[in-house]
1. Per 5 Å bin from zero, what fraction in whole % of the C-alpha pairs of the stretch 132-171 is there, up to the bin with the longest pair?
2. Considering every Cα-Cα pair within the stretch 86-128, what fraction, in whole percent, is farther apart than 16 Å?
3. Where the accessible area of the chain is counted over protein heavy atoms with a 1.4 Å probe, how much of it, in %, is carbon and sulfur?
4. For the stretch 9-35 and the stretch 119-138, what is the centre-to-centre distance using only Cα atoms, to the nearest Å?
5. What residues qualify as long-range amide H neighbours of residue 166, i.e. H under 5 Å apart, gap of 5 or more or another chain, H built at 1.01 Å from N?
6. Quick check on the chain: what are the equivalent-ellipsoid semi-axes from the Cα gyration tensor, as sqrt(5λ), descending, whole Å?
7. Build a GNM of the chain with springs between Cα atoms under 10 Å: which of 52, 85, 95 gets the top mean-square fluctuation?
8. Calculate the spin-label point distance for residue 43 paired with residue 69, positioning each point 7 Å from the Cα along the beta-carbon direction, and give it in nanometres.
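The values are calculated or read from the model by the stated rules, or taken from the named source; none is laboratory data. Bear in mind the structure is a predicted one, so any value in this text is a computation, not a measurement. Glycine gets a Cβ as well: all are built from the backbone with ideal geometry, and neighbour counts include every protein chain shown. Protein only, heavy atoms only, side chains kept; ligands, DNA and RNA dropped before computing areas. Shrake-Rupley method; radii C 1.70, N 1.55, O 1.52, S 1.80 Å.
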Amino acid sequence: MSEFYTVGKLVNTQGIRGEVRIISETDFPEERYRKGQVLYLFHPSLPTPKPLTVASARPHKNFYILSFEGITSINEVEKFKGGVLKVRAEDRGELDEGEFYFQDIIGCEVFTEEGERLGKIKEILQPGANDVWVVKPDKGRDILLPYIDDVVREINIAEKRITVYLLPGLV
């Protein structure tokens, strides 16, 4: 079976014509939600992932509103609330050098340039100017690292290891 990556969570219906509200979890919403894109719905009520082809998509406030080919009624999508939309690993596409998928960064171990282990990256926040990586140490409070060149010195996805320089006041 293919490996899948989450691109959004289906949180509610929108109107009566089968549209749904999605909380997006992708850096590439224009690509992931474009017309004709196949997404896979994972839901506890489904024995296997259900492939859905995007018919339309538009941003709306903090959500994306999506409709799917062959689904024209609220009754057809109501039962899928709480489901997760995913894309197959082979459909993720190649990135330019120095670009990474969130899924590749989350779970990486973080070390200082001196070799001190800080913890593992548990999530990535997008508050504005730059991403912020949340590092969960073995003990204590989470460490917030801005994803900027002055802090993040090396990323080795193959070894799941990131080396950082701690600017004064970060920890």
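1. So the P(r) values, bin by bin, are 6, 21, 29, 28, 13, 3.
2. Details: 508 of 903 pairs.
In whole percent, the long-distance tail amounts to 56.
3. On the way: 4810 of 10180 Å².
Carbon and sulfur atoms account for 47 percent of the accessible area of the chain.
4. Taking the Cα centre of each part, the stretch 9-35 and the stretch 119-138 sit 24 Å apart.
5. 113
6. Numbers: eigenvalues 257, 50, 43 Å².
For the chain, the ellipsoid semi-axes come out as 36, 16, 15 Å.
7. 95
8. Here the answer is 2.0 nm between the modelled labels.
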